[in-house]
Every structure is written in structure tokens, then in C-alpha cells.
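A.B. asks: The structure that follows is given in the form of C-alpha cells.
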Amino acid sequence: LNTLVISIKRPVMSSIQIIVGSMLGGTEYVAEACEETLNSLDHKVEVHLQPDFNHIISKTFPSKNEQNNNSVSEENPIWIICTSTHGAGEYPDNFKQFASDLENCDQDLSTVSFLTIGIGDSSYDTFCKAAQDISKAIISKGCKQITAIKTFDMSEDIDPEDLAQQWILTNSDLI
């Protein structure tokens, strides 16, 4: 009697921190739409509407005890940055401290991969500048950018939440 054993390797699900910079709330809707899609793909997702760098770091690099109680692999930490641009190319108020703490950190972030979603209005010459700036800052800390920044132009895109979900699905094999 011969027995054939077929082993199907289930893809490693990622631990994803969605970090939100928003002044008027539209970016929060995009982040929550991304969360919904990522949850449907069995990822562990946490949305940070008031991003606190130290809290995000603790979720990105949990202690060994937390890892043992968690079936999701922490070997593939991913940050998704969803931010609008405010004023003359600045970060939203709720995001400024996170950006400052990131700039000043000496934590090894080389195992973190990230995606960035920028939301803005292309009629301004600072269109999605905050998304570009935070991406450069994250790269400078050793993180790996998964794919180019995705921008949504609020003067054209009628449903950025739906477009963000489509974008996540399109890139799901990279997450």
C-alpha cells in the first residue's frame, strides 16, 4: 500500500499596522476600507487613528510571550501609511508626533516592509507631499518599500475607499 502525502503550505499572514494621518477624516475612511480588505485576507490588522510611535513599535515587534499567544507570524511586519497633506505640504496634526518620533528613533526597522497611500488634491503643488516625505523617512530607517506610493486625487477620485480596496487586492501577493 502506497501513501501519497501532499503538503500545502499556507501563506504566512502578516501583522499589519495601518498608520493614519488625517485632518478631516477622509483618510480614516480609506484606512478602514484597507483594514476590511486585509481582514478578509486573514491578516492581523490594527488601525492607528492617533498614531503613537512607541505603541506601533510594540505592536510591530511584540515580546516573545505575545508571539507565542499569537498565530500570526510577526516575521513579516508591515506598515501601511495612509496620510493626507495639510497646508503647504505638512503632515496632518495627528501625524506630526509620529513622524518626529520616527525621524529620531534608533530602533532597527530593517525587517519592516511598508506601503504608502497619499490622499490629496492635485490642484495644489504640494499634492501628496506628506506621503512622499514619510516614505523617504521610513526608507531612511531601513524599511523596505513594497511598491510605489499610491496616490488618490480627491479632485478626481469619487470613491477612494473602493479604489484603495482594489489596490490592496491587486498587491495582495506582495503583502
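A.B. asks: In deg cm²/dmol and to the nearest 500, what is the mean residue ellipticity at 222 nm of the chain if only DSSP H runs of at least 4 residues count, each as -39500 (n - 2.57), divided by the residue total?
C.D. replies: Computed ellipticity for the chain at 222 nm equals -10500 deg cm²/dmol.
A.B. asks: Here's another thing I want to ask about it. Out of all DSSP beta bridges in the chain, what portion is antiparallel? Express it as a percent rounded to 5.
C.D. replies: 5 percent
A.B. asks: Treat every Asp and Glu Cβ in the chain as -1 and every Lys and Arg Cβ as +1, leave all other atoms uncharged, and give the resulting dipole magnitude about the Cα centre to the nearest 20 debye.
C.D. replies: Its charge dipole is roughly 800 debye.
A.B. asks: Report, please, the projected area of the chain averaged over directions, based on the convex hull of its C-alpha atoms, in nm².
C.D. replies: For the chain, the mean projected area of the Cα convex hull comes to 12.2 nm².
A.B. asks: Can you compute the charge dipole magnitude of segment 116-156 about its Cα centre, using +1 on each Lys and Arg Cβ and -1 on each Asp and Glu Cβ, nothing else charged? Give it in debye, rounded to the nearest 20.
C.D. replies: Charge dipole, segment 116-156, about its Cα centre: 380 debye, nearest 20.
A.B. asks: So, one more: So what is the accessible area of segment 31-169 per residue, in Å², with the probe set to 1.4 Å?
C.D. replies: It amounts to 50 Å² per residue over segment 31-169.
The values are calculated or read from the model by the stated rules, or taken from the named source; none is laboratory data. Computed from a prediction, not measured in an experiment: that's the story for all the values here. Every residue, glycine among them, receives a Cβ derived from its backbone with ideal geometry; neighbour counts consider all protein chains shown. Note: accessible area is taken over every heavy atom of the protein model, side chains too, but ligands, DNA and RNA are not part of it. Shrake-Rupley method; radii C 1.70, N 1.55, O 1.52, S 1.80 Å.
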